[in-house]
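The values are calculated or read from the model by the stated rules, or taken from the named source; none is laboratory data. It should be emphasised that the depicted structure is a prediction, and the values quoted were computed from it without experimental measurement. Note that we place each Cβ from the backbone using ideal geometry, even for glycine, and neighbour counts take in every protein chain shown. In case anyone asks, the SASA skips ligands and DNA or RNA and just uses the protein heavy atoms, side chains included. Shrake-Rupley method; radii C 1.70, N 1.55, O 1.52, S 1.80 Å.
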Amino acid sequence: MSQKPVIYLKDYQAPAYQILTTDLRFELNTEETLVTSHLRIVRAEGADTQAPLQLHGHESVELISLTLDGQPLAAQQWQREGELLSLQALPAEFELICVTRIHPAQNTALEGLYLSDGIYATQCEAEGFRRITFFPDRPDVMSVFTTTLIADQSQYPILLSNGNPIAQGELEGGRHWVTWQDPHPKPAYLFALVAGNLSKFEDHFTTVSGRKVLLQIYAEAKDLDKLAYAMDSLKRAMQWDEEVYGREYDLDIYMIVAVDFFNMGAMENKGLNIFNTACVLAHPRTTTDAAFQRVESVVAHEYFHNWSGNRVTCRDWFQLSLKEGFTVFRDQCFSADMHSETLKRVEEVSMLRTAQFAEDAGPMAHPVRPESFIEISNFYTLTVYEKGAEVVRMLHTLLGPELFRQGTDLYFARHDGQAVTTDDFVQAMADVSGRDLSQFKRWYSQAGTPRLQVRDEYDAAQQIYRLRLKQSCPATPEAAEKLPFHMPVKISLLDDEGALIPGTQQVLELTAAEQVFEFTQIQAQPLPSLLQGFSAPVKLDYPYTDAQLAFLSKHDNDGFNRWEAGQQLAVRLLQRLIADYQAGKPFSLEARLVEVWSSILEDEQIDPAMKSLLLTLPSEAYLSELAEVIDPDAIHQARRFLRQALAQALEAQWLNLWTAMDSEAAYQPTREEIARRSLKNTCLGYLMTLDNAAYLALAESQFNAADNMTEQQAALMAVAHSNFSDSAAALLDEFFHQWQHESLVMNQWLGIQASDPKPGALARVELLRQHPIYDARNPNKLRAVIGTFCQQNPVNFHALDGQGYAFLADRILELDRQNPQIASRLLTPLTRWRKYDAQRQQLMQAQLQRILQEPNLSGDVYEVASKSV
Ligand code: ZN
């Protein structure tokens, strides 16, 4: 059982006290750290004079002393209960000095202050600051921070915190100190410090108004050659935010620090971002193109938070999507501008439709603005981030780019320096547009993925075409009945040549449960292209024929929908194959898909990156999300068969295209080169399904010739997952010896093995856990092995002997004592038991029960497990 109470949005109360200034002093020692905080506090206007001051402090924090206006606090004046320290009988204005002792070296949860491979680092979002000192650890309490760090000079030559360095000096015994001051009031979750032996890469950026900003990226010396791309991305992001949102950076220095041990991707601490190395280090030899793009987007995301998150922050954690949904939307548009809008959209929608839709259909489903939680860490979800970004995107679609920009300008101007709500964000959009967005706000309060059913009729005599749109939304834990959403549905009507019928491309606004839209002067039965660009996060249902999908995949005037038509055609075919497998019928290949794939392969008009996407079959994860009852074996076998059959039927074309995409040119991370490598790897993947020694040789030659990780890794993956076991072992070994000193590359090596669908994966995973490069304390390693096995190896994880489930439960129980956030995240696959057959349901539930029987579960794991059984 968990001790932690449920927190409700409806119980929100404004803080009774504000902290004007926060002076912190950290004495960093090997065994322990002493923290002295000096707070200047005032009672909030209008607050009850009897109101207690509530400070938060984690149980691991040892309280050494508390003084109020220079006097030790009397025993009856304070009370510590759970995470709350309440002070009574307070003056309207006072100073509080609090000394605490903490133990960063023993901090394995990686929240608060901890040691990452000899580097002190903090993670305070959402509630990590209370693991450092006693403080009103809530985002609506903002304060000006001044921070002094004291540490051994030789071990920790670099001492960083938020803002600007204002003083420094040396002390006896080889120690030194630095004081930092951040002029911008901020909530405690944006506090950060770093101390360690770090190297730096420096550059400058001159803002629109001509201010020169010093940019620094810190990492271990061995990684100094992997920082240029992050720096370049940062400068492009700074410029983009000035151009697209009119946002200028507001300090003289911007720092990023790379650490190996980090629970998430990165953190936007004011002026001092802390990054998981996986999201900042990039070098062609060690980093794939996909990872390069991830670095670019995460660097931009954290930078964009400086306005959407830091200058304007959240009132409470229920408003998390205020900063995250908006900032994801901003980073998505940035990446689209840097690369290709359509490609980026395909990537976003694929992730949303597999992972977020699955979350929305599961026991942890919650609205973009949740109503309650036990542990806020459990709500850093795809719903808050990705669906939240879709909601902002819909506002952008409904208002159009100009009004949307006026809306963000108003939002930033109106709320600068404040802690606000998603309602405030929508209000700014309503005010600039004069639109009533009250119905639109249901996207924030109602969970679940809406269905959008579309039917049509054509009246030839009247030349009228009608689209009948009908929406509904399934029940989710917070509500059984849903009210209709305000949904932008972008459409076009095409004639039988595939040309756009003039005037028909538009955004239909569906607000009722059912609505009919009429188009006049339509000369012949048109073909509708629906939900273009995926204009709303819904499941579309329209009875296209296979032939119409094949037609749209060629002619749709929307790039995203061209891709989508091909995908839906493949989905149908795969669903028929899945049914065949379940009925014990032999597989057979339908000619239509071969024709479509063949014409894509031959079409020289299609850009190689798009071609690669078009030729990639829907993932097992997406097929699972679409299934009524998930049959992991049938899904795997059907997809495998189709890949192999397409490889065979079009063998010469795959090989020709691989050859055409092969190049001697040196690596470049440009759009054209990324596209070329992507298509080349897609071709290799198909060819390798044929179990043909000639293609094994091709893959090995690609592996050996590659001057970059994108081609080397794809070749390794193709061989490692093939049936050539000796070659697989040899190549994995070679790769290991080449890269064993590159921790991030080793994560790839682990992941490739953990995702190998061949039988016996669990035993291989057990061996990986014994491997010297494995480290069960490092979240990246846990994700590479345990996360990958449980989420990207469905045939093995869901094996009917139940061993995969028991393995995961063992790991959760072990990890819960060490790092509850990671334990809780890894638990996700077990929570999805309702979507499986009776036998698997029982096996999965049994493991959830086993976890729940553990007496001292963290709030994190308790919340997810208890809501899931
Ligand atoms: Zn964020």
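Summary of values
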item: Test: residue in the stretch 509-520 that is in contact with a Lys or Arg (Cβ under 8 Å, 6 or more places away or on another chain), part of a strand (DSSP E or B), under 23 Å from V391 (Cα atoms) and open to solvent by 60 Å² or more (accessible area, probe 1.4 Å); result: yes
item: Residue list for the stretch 218-276, filter: under 18 Å from the mean Cα position of the chain (by Cα), within 14 Å of E296 (Cβ to Cβ) and open to solvent by 10 Å² or more (accessible area, probe 1.4 Å); result: G265, A266
item: Criterion: within 16 Å of the ligand (Cβ to nearest atom), outside the structural domain of A706 (by the TED database) and open to solvent by 10 Å² or more (accessible area, probe 1.4 Å) - qualifying residue of S335, S297, S321; result: S297
item: Total residues in the stretch 581-636, condition assigned to a helix (DSSP H, G or I), open to solvent by 20 Å² or more (accessible area, probe 1.4 Å) and among the small types (G, A, S); result: 5
item: Filter pass, F275 being over 20 Å from E202 (Cα atoms) and either more than 14 Å from the ligand (Cβ to nearest atom) or modelled with pLDDT of 95 or more (or both); result: no
item: Options A570, A591, A583, A565: the member that is without any contact (Cβ under 8 Å) to a residue 24 or more places away in the chain and within 20 Å of L343 (Cβ to Cβ); result: A565
item: Pairs with Cβ under 6 Å, 6+ apart, first in the stretch 314-331 and farther than 14 Å from E302 by Cα, second assigned to a helix (DSSP H, G or I) and within 9 Å of the ligand (Cβ to nearest atom); result: C314/K323
item: Matching option when the condition is open to solvent by 20 Å² or more (accessible area, probe 1.4 Å), closer than 24 Å to F357 by Cα and charged (D, E, K, R), among R442, R414; result: R442
item: Count of the stretch 639-659 residues which are open to solvent by 30 Å² or more (accessible area, probe 1.4 Å) and more than 16 Å from L614 (Cβ to Cβ); result: 11
item: Matching residues in the stretch 365-392 - criterion: being within 16 Å of T476 (Cα to Cα), in a loop (DSSP other than H, G, I, E, B), open to solvent by less than 30 Å² (accessible area, probe 1.4 Å) and more than 16 Å from the ligand (Cβ to nearest atom); result: A365, H366, P367, P370
item: Output for the stretch 255-272, where each listed residue is outside any loop (DSSP other than H, G, I, E, B), within 16 Å of the ligand (Cβ to nearest atom) and of a type outside the set (V, I, T); result: A266, M267, L272
item: Count - residues of the stretch 479-492 that are within 26 Å of the chain's Cα centre (by Cα) and open to solvent by 70 Å² or more (accessible area, probe 1.4 Å); result: 0
item: Count of residues meeting criterion [of a type outside the set (S, T, Y) and touching a helix residue (DSSP H, G or I) at 6+ places or on another chain (Cβ under 6 Å)] in the stretch 714-731; result: 10
item: Pick from the stretch 42-83, criterion of a type outside the set (A, V, I, L, M, F, W, C) and touching a helix residue (DSSP H, G or I) at 6+ places or on another chain (Cβ under 8 Å), ranking: farthest from A16 (Cα to Cα); result: S60
item: Residue that is open to solvent by less than 20 Å² (accessible area, probe 1.4 Å), part of a helix (DSSP H, G or I) and more than 16 Å from the ligand (Cβ to nearest atom), where the choices are R353, R330; result: R353
item: Only one of A195, A219 that is more than 30 Å from E95 (Cα to Cα) and touching a residue at least 40 places away in the same chain (Cβ under 8 Å); result: A219
item: L395 vs. criteria part of a helix (DSSP H, G or I), more than 24 Å from P450 (Cα to Cα) and away from the ligand (no atom under 16 Å from the Cβ); result: no
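Here's the yes/no breakdown for (1) closer than 25 Å to Y8 by Cα; (2) in the same structural domain as G325 (by the TED database):
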{"residue": "T422", "(1), (2)": "yes, yes"}
{"residue": "S438", "(1), (2)": "yes, yes"}
{"residue": "Q471", "(1), (2)": "no, no"}
{"residue": "E481", "(1), (2)": "yes, no"}
{"residue": "D496", "(1), (2)": "no, no"}
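Per-residue answers, yes or no, for (1) part of a loop (DSSP other than H, G, I, E, B); (2) crowded, with 16+ Cβ neighbours inside 10 Å:
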position: A14; (1), (2): yes, no
position: T21; (1), (2): no, no
position: E27; (1), (2): no, yes
position: V35; (1), (2): no, yes
position: E45; (1), (2): yes, no
position: I64; (1), (2): no, no
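For every residue, the table says whether it meets (1) at pLDDT 95 or above; (2) under 15 Å from the mean Cα position of the chain (by Cα); (3) away from the ligand (no atom under 15 Å from the Cβ); (4) at negative phi.
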position: G309; (1), (2), (3), (4): yes, no, no, no
position: C314; (1), (2), (3), (4): yes, no, no, yes
position: K344; (1), (2), (3), (4): yes, yes, yes, yes
position: V349; (1), (2), (3), (4): yes, yes, yes, yes
position: E359; (1), (2), (3), (4): yes, yes, yes, yes
position: R414; (1), (2), (3), (4): yes, no, yes, yes
